[in-house]
Every structure is written in C-alpha cells, then in structure tokens.
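Take a look at the structure set out below.
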Amino acid sequence: MNATNPAACPDATICPHDAVDRARYTNPMIRLAFLALAAISTPVMAQTPAPPPPKLLTWPDLTKLPKPTPDATVDYGIDPMQKVDVWLPKGARGKGRFPVVVMVHGGCWTTSIADRSLMNWIADDLRNAGIAVWNIDYRGVDRTGGGYPGTFADAATAADQLKVSAKTFNLDTRRVLAIGHSAGGHLALWLAARPKIPASSSLHTAQPLRIRQVISLGGLPDLEATATNADNGCGTEVVAKLVGAPTPQHPDVYADTSVPRLLPLGVKQDLINGREDRIIPFVMATDYIAKAKAAGDTATLHTIPATGHVELITPETPAWAEAKRLILTYFGKSQ
C-alpha cells in the first residue's frame, strides 16, 4: 500500500507512516482495534439543546385587557362602518392644536374579522402620551359596497374628514402621520400614496389629506405579491375581492390600489415586522423595502425578534414600543 496515496488511505487520522504502521493498517484485527481506540479517544462535543420557540401573544391576550373607549365618534357616511373614533389627550386644552395620527385597523380587509376597536389599546396609549388619534373604519370586502372602489373610497373619505373636523377637535393637520396594522398597513401606505393616483382613476382626489410619514405594522403593502403568496394569513382570494375584476375602464386592477405601483411616495416609511410573525411572511417586508428604496424613497425595516402579529398592536411590547418611539420622535416629544 502506498501511504502517500490518498485514495489508498481514506482516513488521514490513521494512515500508516512506516513499515510497522503499514502492517498494523493492513491487519484487520489491529485495524479494528485502532479504530475503536480512536473513537474512544475522540472527545464528544456536548450537544447544546435548541432554545424553545418564543411564546407569542394570541388575540385573547390582547382582547381580554380592559378596553378603553374613545372621546368621540364621527360619521362620514351612512353605513355603520363609515365612522371614525377620535382619541384626545387629556388635560391639554388651551395648549395649541393636538398632533394627530391617522390609524387604520387590519383584518384582511374584511369587516367580520376586525374593526377599528381592535386598535383601542394603542390608541389609548398614544392619547395618554399627548397624541390625538383619528382611528378610521371602512367597509370590508364582505360588506355591501366594499371592495373596489368602496373600501379604498371609504379609507380616503375617512382620512379627508380629518380636515373637515380638525377645528372641532383642535387637531393639527399640518404634520399628519399614518399608522396601520396588517391589511391596515397597506391602507395607511396607500393613503400616503394618494397624490400619485392617476387622474383617470375613480379613486383620484384633487387635494387629499397629506400624510407626512407612515408606519406599517406587519403590513401587506404589495397587493400583487399578496395575491400570489399563499403563505400570507389572509389568503390570496381576498385580494381579488378587494381590487375587483379587470374592466375596460379599469383594466389594470393594481395600478391605483397596490402601493409599489405608486412609488415613490415622497414620504418617510417605516415598516415594523415581527420576525416570528406567522400571518405576514417576512419577505413581504424585505421586498417592499427594496422596491421603495430603489424608487428613491426613505424606507426602513425595523425587525423585532421573538414577535408575532398580535404584539405589533399590544401596549408594553417591544414592537409597540418601537412604533411609539417613532411616533413621538416625529412629533418632537419625549418618551
């Protein structure tokens, strides 16, 4: 046997180097003994057990908390869902106009899944921090008039109602920030994109409420991607209900509904996503950020570890703490 031939000696730890070693290597019994000795003498690396998966919040963890209530409710239409809840800071009368956040709930654009009251806990938290909240509702795809253009028109009208009611509630509309959760993340970004909607669209408005910054909490900004990604918790069929079927008047159903089609928005965008979110695939955040940056927008992804979907709108969680920090920073307020 040629000891210098790797093919002849496949195990470099026991390859023979002299005549005695060659004899040992070619003797089957001696070879087995050496193999056994090598196995015994090889230190066994301790296996570190994998850490258990983080315990994520469930919806009952949020909804079982004492539920705060808004200060007022404004109607912007005749449908029961065409309403806005107004949350006003306490004890701040006479101190100037309140900074205001437009808030948009999620629920897969479906009213039977969620309405604006799901945001009550974080709306109250902002109210206690001196920020007014304009928490809008809208007809989902499961209600008469929902879908295209109704769901979008409702969100737009609800936002624009802020300009009409600002004086009544002493709200400052000069620096409005929008925040939305899940499907509401899409609508919050879409509200900021309204100035980019083509004049030929039925959703075009000459002077929409100007949104200066947007925060998406586990959002679904790209409707085309959502429609083809079966891993998202809303499913793919709901997107078709939301944007409607193509028509001669509206042949491209994503042109005025999907946010990437309207880039650049020209406003700062912050996406906050839980790394363990089982509802919104993480790739939806990373892909959108890449598209927004490529279009020239300032877009930042804030990844929160050990966080799912519910944590994003639950006070006292790291995810909400990050969202609140961004909001207070925008308005020049301290924590």
*So which pairs qualify, if the first residue must be in the stretch 192-205 and closer than 17 Å to residue 298 by Cα, the second must be β-branched (Val, Ile, Thr) and surrounded by 16 or more Cβ atoms within 10 Å (Cβ to Cβ), the Cβ gap must be under 8 Å, and the two must be at least 6 apart or on different chains?*
192/211; 192/214; 192/267; 193/259
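Inside the stretch 204-238, can you point out the residues that are aliphatic (A, V, I, L, M) and either closer than 12 Å to residue 258 by Cβ or open to solvent by less than 50 Å² (accessible area, probe 1.4 Å) (or both)? Break it down into steps so the answer makes sense when it comes.
Going through the stretch 204-238, the residues aliphatic (A, V, I, L, M) turn out to be 206, 209, 211, 214-215, 217, 220, 223, 225, 227, 230, 238.
Those that are aliphatic (A, V, I, L, M) and either closer than 12 Å to residue 258 by Cβ or open to solvent by less than 50 Å² (accessible area, probe 1.4 Å) (or both): 209, 211, 214, 215, 217, 220, 223, 225, 227, 238.
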*Name the pairs: first residue in the stretch 279-308 and in contact (Cβ under 8 Å) with a residue 24 or more places away in the chain, second residue assigned to a strand (DSSP E or B) and open to solvent by 60 Å² or more (accessible area, probe 1.4 Å), Cβ to Cβ under 6 Å, at least 6 apart or on different chains?*
298/268
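Keeping to the stretch 283-294, report how many residues are open to solvent by less than 40 Å² (accessible area, probe 1.4 Å) and within 21 Å of residue 310 (Cβ to Cβ). Even if it seems obvious, please write down each step before you answer.
First pass over the stretch 283-294, keeping only residues open to solvent by less than 40 Å² (accessible area, probe 1.4 Å): 284-285, 288-289, 292.
Applying the additional criterion that residues be within 21 Å of residue 310 (Cβ to Cβ) yields 284-285.
Qualifying residue count, the stretch 283-294: 2.
Being out of contact with any strand residue (DSSP E or B) (no Cβ under 6 Å at 6 or more places or on another chain) and open to solvent by 10 Å² or more (accessible area, probe 1.4 Å) is the filter; apply it to the stretch 171-192 and report the residue that is farthest from residue 78 (Cα to Cα).
Filtering the stretch 171-192 for residues out of contact with any strand residue (DSSP E or B) (no Cβ under 6 Å at 6 or more places or on another chain) gives 173-174, 182-183, 186, 190.
Next, from what is left, pick out any that are open to solvent by 10 Å² or more (accessible area, probe 1.4 Å): 173-174.
Details: 173: 25, 174: 28 Å.
Looking at residues that are out of contact with any strand residue (DSSP E or B) (no Cβ under 6 Å at 6 or more places or on another chain) and open to solvent by 10 Å² or more (accessible area, probe 1.4 Å), I get 174.
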*Residue count, the stretch 309-335 (criterion: surrounded by 15 or more Cβ atoms within 10 Å (Cβ to Cβ), touching a residue at least 60 places away in the same chain (Cβ under 8 Å) and either part of a loop (DSSP other than H, G, I, E, B) or acidic (Asp, Glu) (or both))*: 6
*Which residue pairs have Cβ atoms under 7 Å apart, sit 6 or more places apart or on different chains, and have a first residue in the stretch 138-154 that is of a type in the set (D, E, K, R) and a second that is part of a loop (DSSP other than H, G, I, E, B) and open to solvent by less than 10 Å² (accessible area, probe 1.4 Å)?*
154/138
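Any residue at all in the stretch 267-274 that is surrounded by fewer than 18 Cβ atoms within 10 Å (Cβ to Cβ) and outside any strand (DSSP E or B)?
no
Determine if the stretch 112-126 includes at least one residue that is among the basic types (Lys, Arg), closer than 17 Å to residue 158 by Cβ and not in a strand (DSSP E or B). Spell out the reasoning first.
Step one: filter the stretch 112-126 for residues among the basic types (Lys, Arg), giving 116.
Cutting the leftovers down to closer than 17 Å to residue 158 by Cβ gives us 116.
Imposing the further condition that a residue be not in a strand (DSSP E or B) reduces the set to 116.
Yes, because at least one residue in the stretch 112-126 is among the basic types (Lys, Arg), closer than 17 Å to residue 158 by Cβ and not in a strand (DSSP E or B).
Among the residues that make up the stretch 1-22, is at least one of them assigned to a helix (DSSP H, G or I), surrounded by 10 or more Cβ atoms within 10 Å (Cβ to Cβ) and at pLDDT below 95?
Taking the stretch 1-22 first, the residues assigned to a helix (DSSP H, G or I) are 19-22.
Next cut, surrounded by 10 or more Cβ atoms within 10 Å (Cβ to Cβ) only: 21-22.
Next, only the ones that are at pLDDT below 95 stay: 21-22.
Within the stretch 1-22 (the criterion being assigned to a helix (DSSP H, G or I), surrounded by 10 or more Cβ atoms within 10 Å (Cβ to Cβ) and at pLDDT below 95), the answer is yes, since at least one residue qualifies.
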*Are any of the residues in the stretch 297-304 more than 21 Å from residue 124 (Cβ to Cβ), open to solvent by less than 40 Å² (accessible area, probe 1.4 Å) and among the acidic types (Asp, Glu)?*
yes
*The lone exception for residue 65 - which of (1) assigned to a loop (DSSP other than H, G, I, E, B); (2) loosely packed, with under 14 Cβ neighbours inside 10 Å; (3) in contact with a strand residue (DSSP E or B) (Cβ under 6 Å, 6 or more places away or on another chain) it fails*: (3)
_Need the failing condition index for residue 50 against (1) at pLDDT 75 or above; (2) outside any helix (DSSP H, G or I), just the number._
(1)
*So which pairs qualify, if the first residue must be in the stretch 93-119 and buried (at least 22 other Cβ atoms within 10 Å of the Cβ) and hydrophobic (A, V, I, L, M, F, W, C), the second must be modelled with pLDDT under 95 and in a strand (DSSP E or B), the Cβ gap must be under 9 Å, and the two must be at least 6 apart or on different chains?*
100/175
*Taking only the stretch 135-165 into account, find how many residues are among the polar types (S, T, N, Q), closer than 24 Å to residue 235 by Cβ and outside any helix (DSSP H, G or I).*
1
_Among the residues of the stretch 168-180, are any assigned to a loop (DSSP other than H, G, I, E, B) and either farther than 23 Å from residue 245 by Cα or modelled with pLDDT of 95 or more (or both)?_
yes
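The values are calculated or read from the model by the stated rules, or taken from the named source; none is laboratory data. Here the structure is a predicted model, which means the values were calculated and not measured. Methodologically, a virtual Cβ is constructed for each residue, glycine included, from the backbone with ideal geometry; neighbour enumeration extends over all protein chains shown. For the accessible areas, the whole protein counts, side chains as well, though only heavy atoms, and no ligand, DNA or RNA atoms are used. Shrake-Rupley method; radii C 1.70, N 1.55, O 1.52, S 1.80 Å.
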